[in-house]
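The values are calculated or read from the model by the stated rules, or taken from the named source; none is laboratory data. These numbers were taken from a predicted model, which means no experiment stands behind them. A quick note on method: Cβ atoms are made from the backbone with ideal geometry, for glycine too, and the neighbour counts reach across all protein chains shown.
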Amino acid sequence: EAGVAQSPRYKIIEKRQSVAFWCNPISGHATLYWYQQILGQGPKLLIQFQNNGVVDDSQLPKDRFSAERLKGVDSTLKIQPAKLEDSAVYLCASSLDRNTGELFFGEGSRLTVL
Amino acid sequence: QQQVKQSPQSLIVQKGGISIINCAYENTAFDYFPWYQQFPGKGPALLIAIRPDVSEKKEGRFTISFNKSAKQFSLHIMDSQPGDSATYFCAATDSWGKLQFGAGTQVVVTP
């Protein structure tokens, strides 16, 4: 079974530029998550989708971050404009359903903002 | 505001020793408590998990102890091996599936 796919793996941009990350969850997984992991910290939930609807985006900085999940499958996370403090690894995860407990994570997209 | 507090931040243990990581939570709506293991450059992977209706769960060398009244749970790694060197995260989730992580513990197992 294929795992969660993310791209790009690495991205370096200058502040005020924009960037987009893509995630393809495990086939059949209804719930998709985006987490931000700053070096040395635990992952912080940015947004949670159930199929193509948003369940929780309370910690998403909506003035600069946006996310969508088209047709309840793939998802993109966009940052525009980027700030220095956005430097982090952006992790996508999926689960069969929101009550099943286990999340499967991708390897993440590492963003460096200069 | 971190809803799951984890300690210690790091620990060093000799091969064959026991690693113990502690976590505490406040939200009584949490009903699932997983531990994730993360190697450098990789995403976290589920290691072991427990629900609050049991006080202990063991899988191989890994054991979760759960104290519902104290709102605390811990991970014990028995007979620690160099391959166990990684960062461990406790986490908690409610019925909506919103998984909240602790800050992580970096475990180093020396030969």
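Structural remarks
- Residue within region A:87-108 that is modelled with pLDDT of 95 or more and more than 14 Å from every other protein chain (Cβ to nearest Cβ) present: yes
- Residue list for region A:1-38, filter: free of Cβ contacts under 8 Å to residues at least 60 places away in the same chain, among the aliphatic types (A, V, I, L, M) and either under 22 Å from residue A:97 (Cβ atoms) or within 11 Å of chain B (Cβ to nearest Cβ) (or both): A:2, A:38
- Residues that are among the hydroxyl-bearing types (Ser, Thr, Tyr) and surrounded by fewer than 16 Cβ atoms within 10 Å (Cβ to Cβ) were ranked within region B:85-111; the one that is modelled with the highest pLDDT is B:110.
- Here residue B:19 meets each of (1) closer than 28 Å to residue A:106 by Cβ; (2) at pLDDT 95 or above; (3) hydroxyl-bearing (Ser, Thr, Tyr); (4) out of contact with any helix residue (DSSP H, G or I) (no Cβ under 8 Å at 6 or more places or on another chain) with one exception, condition (4).
- Of the candidates B:22, B:67, the single residue that is under 11 Å from the mean Cα position of the chain (by Cα), away from chain A (no Cβ under 14 Å) and not aliphatic (A, V, I, L, M) is B:22.
- Some residue of region A:78-87 being within 24 Å of residue B:34 (Cβ to Cβ) and out of contact with any Cys (no Cβ under 6 Å at 6 or more places or on another chain): no
- Residue that is farthest from residue B:97 (Cα to Cα), among those in region A:93-108 that are in contact (Cβ under 8 Å) with a residue 12 or more places away in the chain and touching a Ser or Thr at 6+ places or on another chain (Cβ under 7 Å): A:104
- Across region A:21-53, the number of residues qualifying as surrounded by 18 or more Cβ atoms within 10 Å (Cβ to Cβ) and among the small types (Gly, Ala, Ser) comes to 1.
Every residue, every condition in (1) away from chain A (no Cβ under 14 Å); (2) of a type in the set (S, T, N, Q), yes or no:
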position: B:46; (1), (2): no, no
position: B:56; (1), (2): yes, no
position: B:74; (1), (2): yes, yes
position: B:77; (1), (2): yes, no
position: B:94; (1), (2): no, no
position: B:105; (1), (2): no, yes
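- Per-region count, region B:37-84, residues β-branched (Val, Ile, Thr) and either loosely packed, with under 12 Cβ neighbours inside 10 Å or on the phi > 0 side of the Ramachandran plot (or both): 1
- Residue match in region A:68-85 (condition: in contact with a strand residue (DSSP E or B) (Cβ under 9 Å, 6 or more places away or on another chain), within 21 Å of residue B:104 (Cα to Cα) and within 14 Å of another protein chain (Cβ to nearest Cβ)): no
- Per the listing A:107, A:85, A:68, the residue uniquely acidic (Asp, Glu) and surrounded by 15 or more Cβ atoms within 10 Å (Cβ to Cβ) is A:107.
- 1 or more residues among the charged types (D, E, K, R): qualifying strands (runs of 3 or more DSSP E) within region B:2-111: B:4-7, B:56-59
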